Amino acid sequence: MAVSVRASVLLTTTVSSLLFPYVTNAASSDAENAALRREIAAMHREMMGEIHRLQARVDKYEHATALQGHKIAHSRRTLTTAGADEPQPIFGEQNIAPINHGPRSVNDSRIALPEGPAQSWSSFKAASAKDENVDIGGIKIGFPKGRPTISSDDKAYAFSIGLLAQEDFGGFMGVGQRGSESAGNFNKFTQNARRLRLYLSWRYKDWVVNVTPDFGSSSVDGTVGLFEANLNYTGLHNTTLTVGYFQPRMEEDSAERSGAFEFLERPTIVDLVRNIAGGVARFSIGGEHYEKRWLVAGYFTGQKFGDRNSSTNPVTDSQTGGVFRATGRPYVSKDIDVHVGVGATAAFKVNQTSNGRSYTFSDNVEVPLGETKLLTSGALNNISQIWAAGPQFGFRYKKFLLKGEYYHVGVQHNNAATTANLPSLNFDGWYVAANYTLIGHGRGYNEKIGAFTTPGVEYDFDPAKGHWGALEISGRWSVTDLRTSGATIKSGSLIQADGETGGNKQTVWQGGLNWYPNQHIKIMLDYTHFSVSSARGVSTDLLGRNGNAVVGRVQAAF
């Protein structure tokens, strides 16, 4: 349209310029010259007016086209009201920017983790404003980080669904029997749906409700459980207050979130201490606050979801306890990040059943395939209190990360409940882990959780363009010692001075390789070598084992 109008204007101007001088000169001596000139002048004025009107229409059209192009580049999809001469409504379609497959900045490249601190209302609005969404009658529908999210126009009401799916497969090698012990469950090849969680989240401004069922299992799948069901308030600056079934975290490795682990599972000592008064689906009241350089968290805790669901040995007095954590970053630069912290937990009283107040420390060899648990303290009876505390440390230099934690566990007996004067028991455990990112952005620090998090996928997997996602390699050494030198063990109703509790010691060496083809998929491969000593006074069949395991995992997170 613009081209045809410009051509008409140019043609009219040219004809007018050529015609007017010729007519004027030819009729200069004619008596009718004056009348003809007046008529031609009138025609000229009329034609120039038409030219000006056409030029104005051209300018208006070009301005409207540029404005529409600007809106197409920067606005979202909206329903546009039709003009008076357009009987049907039209959609304002925009050229939506394509999904960013790379390059991504360090902050934008981290993989999607459905489990994390509840966002404040202001943070939720700021985050969702960056994502593509569609407006339908005052409702916004979008997919931030691949998570379906429905919200009101002002973001006050919102509902989202997240996903974490982990499927493990692998087996054991070289796990031989000793003496007359039973073979145990050490499959050559088996599978386990480790975590199958649906994260359901409802929001009204700064109030957030999370309900997360779990269809996976730490040992053998097939049983549906609950990961969390809690109410959160986020209206205070950088603070989240929580009540309900929750997982309070006192360790750096647990704070990383299960979708971001360097290995398939946490070190054994971390699993043991986190379950004293924390762990998955623990009733909790408390909160945490973070700043750029520090974080502090504290929770009063009770029983776990399902603790009282027993018809044979019900809980008659529920557990109470507490969890505390404080972290700091004494030095931060582009290439260096230093993390220090301390975690503490205590069960002020453990669950009481018809068997009294008893507790057993027991764990697998950090391989989640439903194997026989070789590490155990045996049943500890007449327990008054259990506590654990220890330091945590992390150091990052560019793409290299080194971290470790140590925890001391104390068990106190209730001597008023028995005629024997049972001593306090003391256990120890620690781990050291090293990680290096081969491809992609290195692991970074997340001040909102006070822990290191996943590598960054700078480019999505696309071998045709030479892009391979992100790749990291890790190694870990962990030791858990449930023996106590100089103490005593209980055998029936007698006290024996055997110099140890009867528990055993477990040492695990691991190597792992993790590949992230994009921000939602993670593929892991771990090799594990373990050595577990015999346990005296615990079980006549538990004579200790050495062995190896190779396990892979496929993970999807949204």
Counting just the residues of region 313-327 that are open to solvent by less than 60 Å² (accessible area, probe 1.4 Å) and part of a strand (DSSP E or B), which one comes out modelled with the lowest pLDDT?
Asp317
If a residue must be at pLDDT 95 or above, of a type outside the set (Ser, Thr, Tyr), open to solvent by less than 60 Å² (accessible area, probe 1.4 Å) and part of a strand (DSSP E or B), how many such residues does region 488-518 contain?
6
Filter region 211-262 for residues that are under 30 Å from Lys399 (Cα atoms) and either open to solvent by 30 Å² or more (accessible area, probe 1.4 Å) or of a type in the set (Lys, Arg) (or both) and give the result.
Asn238, Arg249, Arg257
Pairs under 9 Å by beta carbon, first residue without any contact (Cβ under 8 Å) to a residue 24 or more places away in the chain in region 359-375, partner assigned to a strand (DSSP E or B), six or more apart or different chains?
Thr360/Thr376; Thr360/Leu380; Ser362/Leu375; Ser362/Thr376; Lys373/Ser362; Lys373/Asp363
Considering only region 329-343, I want to know if a residue exists there that is of a type in the set (Phe, Trp, Tyr) and either out of contact with any Phe, Trp or Tyr (no Cβ under 9 Å at 6 or more places or on another chain) or on the phi > 0 side of the Ramachandran plot (or both).
yes
Might you let me know whether region 391-399 holds any residue that is of a type outside the set (A, V, I, L, M, F, W, C), surrounded by fewer than 21 Cβ atoms within 10 Å (Cβ to Cβ), farther than 17 Å from Arg249 by Cβ and touching a helix residue (DSSP H, G or I) at 6+ places or on another chain (Cβ under 9 Å)?
no
Which pairs turn up if I take residues in region 412-423 that are open to solvent by less than 60 Å² (accessible area, probe 1.4 Å) and modelled with pLDDT of 65 or more and look for partners that are among the small types (Gly, Ala, Ser) and in a loop (DSSP other than H, G, I, E, B) with beta carbon separation below 8 Å, at least 6 apart in sequence or on another chain?
His413/Ser424; Pro423/Ala487
When the residues of region 92-115 are narrowed to those that are farther than 28 Å from Gln555 by Cα and surrounded by 14 or more Cβ atoms within 10 Å (Cβ to Cβ), which ends up modelled with the highest pLDDT?
Gln94
Just to verify a result, which residue in region 328-353, among those that are in a strand (DSSP E or B) and of a type in the set (D, E, K, R), is most open to solvent (accessible area, probe 1.4 Å)?
Lys349
Go through region 116-161 and give me each residue that's open to solvent by 40 Å² or more (accessible area, probe 1.4 Å), assigned to a strand (DSSP E or B) and either in contact with a Gly (Cβ under 6 Å, 6 or more places away or on another chain) or aromatic (Phe, Trp, Tyr) (or both).
Tyr157, Phe159
By residue number, the members of region 178-210 that are on the phi > 0 side of the Ramachandran plot and surrounded by 14 or more Cβ atoms within 10 Å (Cβ to Cβ) are Gly184, Lys205
Taking region 167-177 and keeping only residues that are open to solvent by 60 Å² or more (accessible area, probe 1.4 Å) and in contact with a strand residue (DSSP E or B) (Cβ under 6 Å, 6 or more places away or on another chain), one is left with Glu167, Phe169, Met173, Gly174
Scan (1) surrounded by 17 or more Cβ atoms within 10 Å (Cβ to Cβ); (2) at positive phi for the single condition Gly306 breaks and write down its number.
(1)
Filter pass, Arg293 being in contact with a strand residue (DSSP E or B) (Cβ under 6 Å, 6 or more places away or on another chain) and open to solvent by 10 Å² or more (accessible area, probe 1.4 Å)
yes
Selection within region 424-475 - more than 17 Å from the chain's Cα centre (by Cα), surrounded by 18 or more Cβ atoms within 10 Å (Cβ to Cβ) and part of a loop (DSSP other than H, G, I, E, B):
Gly440, Glu458, Tyr459, Asp460, Trp468, Gly469
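The values are calculated or read from the model by the stated rules, or taken from the named source; none is laboratory data. Predicted model only: the values in this text are computed from it and were never measured. Counting neighbours? That spans all protein chains shown, and the Cβs are built from the backbone with ideal geometry, glycine included. Side chains are part of the model used for accessible areas, which takes the heavy atoms of the whole protein and leaves out ligands, DNA and RNA. Shrake-Rupley method; radii C 1.70, N 1.55, O 1.52, S 1.80 Å.
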